[in-house]
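Shown next, in structure tokens, is the structure this report addresses.
Please treat every number below as a calculation from the coordinates, not as lab data. Quick caveat: nothing in here was measured; it's all calculated off a predicted structure. Cβ sites come from the backbone with ideal geometry, for glycine too, and all protein chains shown count toward neighbours.
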Amino acid sequence: MRLTGQPGNFGPYADWEGGKALLRRAVELGVRFFDTARAYGPGHNEALIADALHPYADGIVVATKGGIDKLSPTQLVRDASPATLTRQVDEALARLRVERIDLFQLHWIDPAVPIEESVGALEAARLAGKIRHIGLSNVDRTALDRALAVAPIASVQNRLNTEERESEALVDYTASKGIAFIPYGPLGAHPMQQGARLDPAAALRWLLARSPNIVIIPGTTRVAHLEANMRALEAH
């Protein structure tokens, strides 16, 4: 999200070549999981990842999200209607330069659209071979259960850190379901401001110790756990 225009995570990243170099260096250091979203830019971060990493090396997992659009540095619009999500999947495929997206997550629930309809559109895309796995972001247990009644869910991405623990119970619930949990804001950073409140080493140690289903530091066994979840879902 930070590799976009500032302020407000809007527009293309000002140092495009520097952003590409950073992403490539991350791969050199063992990063294998890259999480982006349509709203990051919008679309510019997906394009930057593809510009830097395509053709993707074996083992690279790229996740993106849809159902929300950024119209200005301060204006986000939720639209998780089936028609919009179907279009956004196709546009993400083009920007990421892939034939199938590894993980496509519903970024936010649209209050005007039942989650069953949103997830149903993503399940149709999965069955069509456009996405490998479906994830959810910013959801509670009730929403997750409703989604699970429609399609297999590979991941949940909610805000979680040592000071913001509202999703702790969901960490345990997703672990019981074999679903990966991807915490965002792990260092307590404000989504629209630079800097982080928490000590990085202590914050990450807490997350890594919290549950084996938490995926946060790519290149460790946590990404192997996510990939194992994906394989298990495919087997079913």
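Below, the figures for the structure above:
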read-out: Under 11 Å, Cβ to Cβ, from Val119 - net charge with Lys/Arg +1 and Asp/Glu -1; value: -1
read-out: Percent antiparallel among DSSP beta bridges (both partners in region 16-235, rounded to 5); value: 15 percent
read-out: Rounded to whole Hz, the Karplus (6.51, -1.76, 1.60) HN-Hα couplings of region 64-69, x for glycine and proline; value: 9, 9, x, x, 8, 10
read-out: Amide H partners (placed H, <5 Å) of Gly5, local residues excluded; value: Phe10, Gly11, Tyr13
read-out: Estimated distance in nm for a label pair at Ala149 and Ala196, the labels positioned 7 Å out from Cα along Cα-to-Cβ; value: 3.8 nm
read-out: Around Ile60: net Lys/Arg minus Asp/Glu count, Cβ-Cβ under 10 Å; value: -1
read-out: Cβ-based charge dipole, region 16-235, positive-most Cα from Val27, Thr142, Thr162; value: Val27
read-out: Projected label distance in nm at Arg100 and Ala83, using a 7 Å step from Cα toward the beta-carbon; value: 2.9 nm
read-out: Region 89-120 versus region 1-61: alpha-carbon centroid distance in Å; value: 18 Å
read-out: Normalised alpha carbon radius of gyration of region 1-126 [divisor 2.2 N^0.38 Å]; value: 1.05
read-out: Estimated [θ] at 222 nm from DSSP helical runs (n ≥ 4, -39500 (n - 2.57)) normalised by residues in the chain, nearest 500; value: -12500 deg cm²/dmol
read-out: Pairwise Cα inverse-distance average, inverted: Kirkwood Rh of the chain (Å); value: 17.9 Å
read-out: Dipole magnitude (debye, nearest 20) for the chain, charges at Cβ of Lys, Arg, Asp, Glu; value: 300 debye
